[in-house]
Structure formats: structure tokens, C-alpha cells
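Below: one structure, written as C-alpha cells.
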Amino acid sequence: MKSQNKTNTVLSGLIILIIYLFIQFVSGMIGGILALLYTAAKTGGNFDYMKVVAESQPVVLLVSEIISIAVFGIWYRSKYVKENGENHGKSGLKKILNLRTMSLIVCLTVVTYSIALLISIIVSFFSPASEEIFNSIMSLAIGDNTIIGYLGIILLAPIAEELAFRGVLLKKSRMNFGIIGCIVLNTVVFSISHLNPLQSIYVIPIGIMLTFLAYKYDSVLPSIIAHILNNSLGVLIPLLLHRELRITEIMVEIILFSIPIYFLNREDKELEPAVENK
């Protein structure tokens with residue numbers, strides 16, 4: 001019976017992945033068609049089809065993320081928050097929204113972002129084509145309308161992905177798996193959802209970190225905060241520096257932010273027995 005439940009959980013993960021990708025695909029297709037029809041009516045049919053589709057991508061992606069948030073948000077709330085409740089006891093909002101926990105989330109995110117960036121540099125070195133694919137995808141996502149593009153990448157995409165994977169999927173998987181099983185299943189599904197070689201590899205440490213946070217606090221809120229911060233770092237650092245971080249800078253970042261993690265996590269463990277005895 002346990003084996004069957006675990007198999008069903010894995011299948012549920014695939015279904016959640018398919019639903020998420022289906023929303024992205026259908027939204028993209030409908031959005032592209034509407035953009036072409038609008039441009040055709042406006043110009044009388046004299047326009048560059050590929051250019052119109054490319055220019056409409058930031059708005060289309062924004063809409064697809066909003067739809068994903070609505071679908072998985074309703075699913076998550078109705079199935080796991082309204083019925084079963086969330087954030088009881090030590091996993092409550094007070095435990096999450098405090099200086100120590102927020103500091104742990106920030107430090108974990110910065111270290112994980114740095115590790116992921118280091119992995120992307122290594123993968124790009126051995127496979128330059130994967131970097132070209134990634135850059136073209138990001139260019140399409142941001143487009144000329146940078147405000148809409150950045151809003152989608154920094155805010156809406158993290159919320160949509162967290163509700164789907166660290167929300168619905170993790171709540172489902174933790175019924176039949178321990179933390180290791182949940183991390184493996186969630187990270188694999190999260191990795192596949194990106195559908196390009198470079199991202200699928202470097203999001204692995206990010207997926208592990210996000211699943212750990214959601215599992216640890218029994219809430220999707222910490223992983224949403226961490227995911228928004230991670231994407232903000234990925235967008236804002238190159239924008240402010242006008243370049244990517246160098247390997248030496250990445251290593252320094254990992255070392256500096258790893259030290260607080262040790263003490264914050266140790267303090268967290270020391271507090272747990274006292275909380276449980278209350």
C-alpha cells in the first residue's frame with residue numbers, strides 16, 4: 001500500500017507538471033494569435049509575424065503566470081489551507097516573519113543563487129549553445145517592455161511556480177515521503193518545468209533549497225520569499241553591475257553568507273525543544 005501511495009504521488013507530480021506546462025502553452029498560443037489578429041487589423045496585414053509574436057511575449061507570459069497563480073492558488077487554498085489548515089504551531093506566520101528566520105531565508109537564498117550561478121558558468125563553458133538558448137528565452141521574456149518582463153520574472157513567475165510545486169505538489173508528496181523523497185521529486189519536476197538545458201541543470205540547487213524551506217516551515221510562504229529574492233538577484237545584479245558576477249566574487253559570496261547559516265540553523269535547532277514543550 002505504501003509503495004502504491006508513493007507511485008500515485010509521483011504520478012500526481014507529473015500531472016501537476018503537465019497542467020502547469022499546459023497553461024503556459026495554451027496561454028502562449030492564444031496570446032500569440034490575439035496579438036497577430038490585433039496587429040493585422042491595425043496594419044491591414046502588412047507586418048512581420050515573428051516580430052509581433054516576440055514583442056507580445058512579455059505580456060503573454062505575464063498573463064500565463066496570473067492564470068497559473070489563480071489555478072494553483074485556488075487548488076492549494078481549497079485543498080490544503082481551507083480543509084486541513086496551514087501554519088499551525090511552530091510553523092505559524094510568527095515563526096516565519098521574524099528577523100532570525102528571514103535572515104536564514106536570505107542567507108540560504110544568496111548561497112544557493114551563487115552555487116547555481118557557478119553551475120551555469122561551468123555548463124556554459126562546456127556547452128555554449130545552452131547559454132545561447134537561455135539568453136534568447138530571457139530576451140523574449142523581458143522584451144522591450146522591461147517593466148512587464150521584470151514583473152513577470154521577479155514576482156509572478158516565482159509565486160506561480162511555488163504554488164504549483166512547493167504548494168500543491170509538496171503538500172501531496174509529504175503525505176507519503178520524508179524530506180529526502182519530497183526534495184528529490186519536487187526538484188526533478190521543477191527542473192523539467194523549465195524546458196531548457198541550462199536552466200534545468202542550474203535550478204537543481206534552487207529547487208532543493210526551496211523545497212527544504214517549504215518542508216521545514218510547512219508553508220509555501222518561505223519558498224515564495226526565497227524564490228522572489230533569487231530571481232531578483234538574477235535580474236538586478238547584472239543590471240546594476242552591467243556584467244555577470246566573476247567566479248572570485250561568487251566564491252566570496254558563498255563563504256560570507258554560509259557562515260551565518262550555520263549559526264542561524266543551530267539556533268533554530270536549539271529552540272525547537274523549547275517550542276515543542278509549550
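Taking the condition of a type in the set (F, W, Y), touching a residue at least 40 places away in the same chain (Cβ under 8 Å), surrounded by 19 or more Cβ atoms within 10 Å (Cβ to Cβ) and assigned to a helix (DSSP H, G or I), does F165 pass? Walk me through it before giving the result.
Details: of a type in the set (F, W, Y): yes; touching a residue at least 40 places away in the same chain (Cβ under 8 Å): yes; surrounded by 19 or more Cβ atoms within 10 Å (Cβ to Cβ): yes; assigned to a helix (DSSP H, G or I): yes.
Yes; evaluated as a whole, the condition is true for this residue.
Any chance you could count how many residues in the stretch 34-54 are surrounded by 12 or more Cβ atoms within 10 Å (Cβ to Cβ), among the hydrophobic types (A, V, I, L, M, F, W, C) and assigned to a helix (DSSP H, G or I)? Walk me through it before giving the result.
Going residue by residue through the stretch 34-54, those that are surrounded by 12 or more Cβ atoms within 10 Å (Cβ to Cβ) are 34-36, 38-40, 47, 49, 52-54.
In the following step, the residues that additionally are among the hydrophobic types (A, V, I, L, M, F, W, C) were identified as 34-36, 40, 47, 52-54.
Right, trim to assigned to a helix (DSSP H, G or I) and you get 34-36, 40, 52-54.
The qualifying residues number 7.
Checking the structure you have, find out if any residue of the stretch 64-84 is modelled with pLDDT under 85, under 23 Å from the mean Cα position of the chain (by Cα) and not charged (D, E, K, R). Talk me through it step by step, then tell me what you get.
At the first step, the residues of the stretch 64-84 found to be modelled with pLDDT under 85 are 79-84.
This time we only want the ones that are under 23 Å from the mean Cα position of the chain (by Cα), so: 79-81.
Subsequent filtering for residues that are not charged (D, E, K, R) retains 80-81.
Yes: the stretch 64-84 contains one or more residues that are modelled with pLDDT under 85, under 23 Å from the mean Cα position of the chain (by Cα) and not charged (D, E, K, R).
Restricting to the stretch 111-130, count the residues that are under 27 Å from S258 (Cβ atoms) and touching a residue at least 40 places away in the same chain (Cβ under 8 Å).
At the first step, the residues of the stretch 111-130 found to be under 27 Å from S258 (Cβ atoms) are 111-126.
Okay, now just the ones that are also touching a residue at least 40 places away in the same chain (Cβ under 8 Å), so 111-121, 123-124.
Adding up the residues that qualify gives 13.
Can you report the number of residues in the stretch 135-153 which are in a helix (DSSP H, G or I), surrounded by fewer than 19 Cβ atoms within 10 Å (Cβ to Cβ) and not hydrophobic (A, V, I, L, M, F, W, C)?
Adding up the residues that qualify gives 5.
Which condition number in (1) over 27 Å from N98 (Cβ atoms); (2) in contact (Cβ under 8 Å) with a residue 40 or more places away in the chain is the one that L241 fails?
Single failed check for L241: (2).
With E253, E244, E270 as the choices, which residue is charged (D, E, K, R) and modelled with pLDDT of 90 or more? Break it down stepwise before answering.
Details: E244 fails: modelled with pLDDT of 90 or more; E270 fails: modelled with pLDDT of 90 or more.
Criteria check complete, one pass: E253.
Quick check on the stretch 168-210: of everything there that is among the aromatic types (F, W, Y) and within 24 Å of S232 (Cα to Cα), which residue is surrounded by the fewest Cβ atoms within 10 Å (Cβ to Cβ)?
Looking only at the stretch 168-210, we keep the residues that are among the aromatic types (F, W, Y), and these are 177, 190, 202.
Filter again for within 24 Å of S232 (Cα to Cα), leaving 190, 202.
On the way: F190: 26, Y202: 24.
Ranking the candidates gives Y202 first.
Could you identify the single residue in I16, I33 that is out of contact with any strand residue (DSSP E or B) (no Cβ under 8 Å at 6 or more places or on another chain), of a type in the set (V, I, T) and closer than 20 Å to I74 by Cβ?
Working: I33 fails: closer than 20 Å to I74 by Cβ.
Among I16, I33, only I16 is out of contact with any strand residue (DSSP E or B) (no Cβ under 8 Å at 6 or more places or on another chain), of a type in the set (V, I, T) and closer than 20 Å to I74 by Cβ.
Scanning for something part of a helix (DSSP H, G or I), crowded, with 17+ Cβ neighbours inside 10 Å, at pLDDT 80 or above and touching a Gly at 6+ places or on another chain (Cβ under 9 Å), does the stretch 115-134 turn up at least one residue?
Yes, the stretch 115-134 contains at least one residue that is part of a helix (DSSP H, G or I), crowded, with 17+ Cβ neighbours inside 10 Å, at pLDDT 80 or above and touching a Gly at 6+ places or on another chain (Cβ under 9 Å).
Residue check: is I225 over 12 Å from the mean Cα position of the chain (by Cα) and crowded, with 20+ Cβ neighbours inside 10 Å? Show your work before the answer.
Numbers: over 12 Å from the mean Cα position of the chain (by Cα): no; crowded, with 20+ Cβ neighbours inside 10 Å: yes.
Criteria not met by I225.
Scan the stretch 14-33 residue by residue and report those that are more than 30 Å from L170 (Cβ to Cβ) and either at pLDDT below 85 or crowded, with 17+ Cβ neighbours inside 10 Å (or both).
Of the stretch 14-33, the ones more than 30 Å from L170 (Cβ to Cβ) are 32-33.
Passing the criteria: only G32.
For S219, state whether it is more than 20 Å from F125 (Cβ to Cβ), among the small types (G, A, S) and part of a helix (DSSP H, G or I). Walk me through it before giving the result.
Numbers: more than 20 Å from F125 (Cβ to Cβ): yes; among the small types (G, A, S): yes; part of a helix (DSSP H, G or I): no.
So S219 fails the test.
Looking only at the stretch 202-227, how many residues end up being in contact (Cβ under 8 Å) with a residue 60 or more places away in the chain, hydrophobic (A, V, I, L, M, F, W, C) and farther than 13 Å from T112 by Cα?
Selection size over the stretch 202-227: 4.
Check off (1) under 19 Å from A160 (Cβ atoms); (2) hydroxyl-bearing (S, T, Y); (3) surrounded by fewer than 17 Cβ atoms within 10 Å (Cβ to Cβ) for S258 and give me the number that stays unchecked.
S258 satisfies all of (1) under 19 Å from A160 (Cβ atoms); (2) hydroxyl-bearing (S, T, Y); (3) surrounded by fewer than 17 Cβ atoms within 10 Å (Cβ to Cβ) except (1).
The values are calculated or read from the model by the stated rules, or taken from the named source; none is laboratory data. All figures in this text were calculated on a predicted structure; none of them were measured in a lab. As a convention, Cβ positions derive from the backbone with ideal geometry for all residues, glycine included, and neighbour counts pool all protein chains shown.
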